[in-house]
Amino acid sequence: MCFSSYFGFAYGGDHGIASTAKPQARVDYSMGGSSDGRVRRRGNAASGCKIAIVGACAGWSGGTLQQRWPSGLRQLSDKQPYSQGYRGFESLPLRQRAFTRRILGILIVKAFWGLEHKCGEVVSMESNAAAKKATLTRHRAAFNLWLLIHQTLEDVVVRDRDLRTSFARAVDYLFIQAFKSHGSLYSLCVLGHCEDAATIARRIFEIALQVGYLDSEEPQRENRGREFLAYFFHLVPKGILSNPSLTPDERKRWQELYDQNKPWLKFTKRGNPLPTWSGLGIADLATRLKMQESYDVDYRFLSNMAHGSSAGSLLGIVDGKIQITDDTAATPILVYGTRYMLAATEVWNAHCRLIKEPKMVELRSACLNFDLQQAARNLKNTRSGIRQSGTAMAGS
């Protein structure tokens, strides 16, 4: 399957399914890999460690939130401009949980789902659950596609695989990054936060291009893998080594690691680190992969949404009011975000071989044959039904 087959926007169309969390062992993944070059799994997969696909909604559904950082100011600075220091960082998840749930519930349920729409359309929602269920219904086909791909990846991402080469480790690292981003598309789209979902889809696009570039020229694969992994060591001279708390042995060790990886680092003529590991921007990567058209259409559209540009805003204005949330673009973002994910998966699986070919054929067919026009018609019909229902309620 050609890598570029998954790219090429046809934005137009619009459309839900909660992921069934699967037991997952933690992956001991490091830049250098383990001594035998294979991913190690720690812990018992049956112990209940799960991928929290919808974890962002835990605070609304009564899930347990753990304190992620101690609240309050833990340390005073040497020179305080005021006699009494500030409280410092306030941990939001625990201290403001009830407030956050209440406020976000008002924004999502009242500000969007209960707004009056054109032609007297009124959608009355009693809870966040009802609001999310409505979004899932409208975009059922796209969420089904997302679920098919993500459940497959959940099953394979925790398996052992051969990572003895720099190229394999680089591709694996990028694959895991894309996998995590793909998982977050569900939560954002189901909440109607399509601008944020577009930002995540853009990230998957960028990762997929990097994976494609790593794989594009076989003689250069290992060198590019080394360049990708070595890019971390740009942090050493002015970052890690500037830490005064380093012991002499630690400082010596970091300097040795930097010297070992320096041949793979790229610098400007003035000796400054290049902004990317490859020395290429996203547009350059797209050109190298002969995917300039995808960059012009896909990436610009997603960037306009991510940057809050009026050119990319899909927050429809209804009766002169800007909507707080809008799921109009949920289907194309889910579909194309999933296609970018599968593009990266193709390269990753060609080397890891954890997904059998019949399953890959099924995933390719589902992604590439998804009918955006039919999904758009289904969305239009669904909204027409809601409008008629709302008119009937208003009449009664």
Which numbered condition G320 misses (of (1) modelled with pLDDT of 90 or more; (2) surrounded by fewer than 15 Cβ atoms within 10 Å (Cβ to Cβ))
(1)
Selected residue [over 21 Å from the mean Cα position of the chain (by Cα) and charged (D, E, K, R)] from R164, R140
R164
Give me the residue from segment 198-210 that is within 9 Å of the chain's Cα centre (by Cα) and either among the charged types (D, E, K, R) or closer than 11 Å to H182 by Cβ (or both) and, out of that set, surrounded by the fewest Cβ atoms within 10 Å (Cβ to Cβ).
R203
Of the residues P263, P244, P219, P275, which is in a loop (DSSP other than H, G, I, E, B) and more than 27 Å from the chain's Cα centre (by Cα)?
P244
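Residues checked against (1) polar (S, T, N, Q); (2) over 27 Å from E218 (Cα atoms); (3) at pLDDT 95 or above:
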{"residue": "N128", "(1), (2), (3)": "yes, yes, no"}
{"residue": "I149", "(1), (2), (3)": "no, yes, yes"}
{"residue": "E154", "(1), (2), (3)": "no, yes, yes"}
{"residue": "V157", "(1), (2), (3)": "no, no, yes"}
{"residue": "T165", "(1), (2), (3)": "yes, no, yes"}
{"residue": "D172", "(1), (2), (3)": "no, no, yes"}
{"residue": "F175", "(1), (2), (3)": "no, no, yes"}
{"residue": "S187", "(1), (2), (3)": "yes, yes, no"}
Any chance S181 is surrounded by fewer than 22 Cβ atoms within 10 Å (Cβ to Cβ) and modelled with pLDDT of 95 or more
yes
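What are the residues in segment 346-363 that are out of contact with any helix residue (DSSP H, G or I) (no Cβ under 7 Å at 6 or more places or on another chain) and not in a helix (DSSP H, G or I), if any?
Step one: list which residues in segment 346-363 are out of contact with any helix residue (DSSP H, G or I) (no Cβ under 7 Å at 6 or more places or on another chain), which gives 350, 352-353, 356-358, 361-362.
Passing the criteria: R353, K356.
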Of all residues in segment 299-317 being in a loop (DSSP other than H, G, I, E, B) and touching an Asp or Glu at 6+ places or on another chain (Cβ under 9 Å), which is modelled with the highest pLDDT?
G308
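The values are calculated or read from the model by the stated rules, or taken from the named source; none is laboratory data. None of the values given here were measured: they were computed from a predicted structure. Neighbour counts are summed over all protein chains in view; Cβ atoms, including those assigned to glycine, are modelled from backbone coordinates with ideal geometry.
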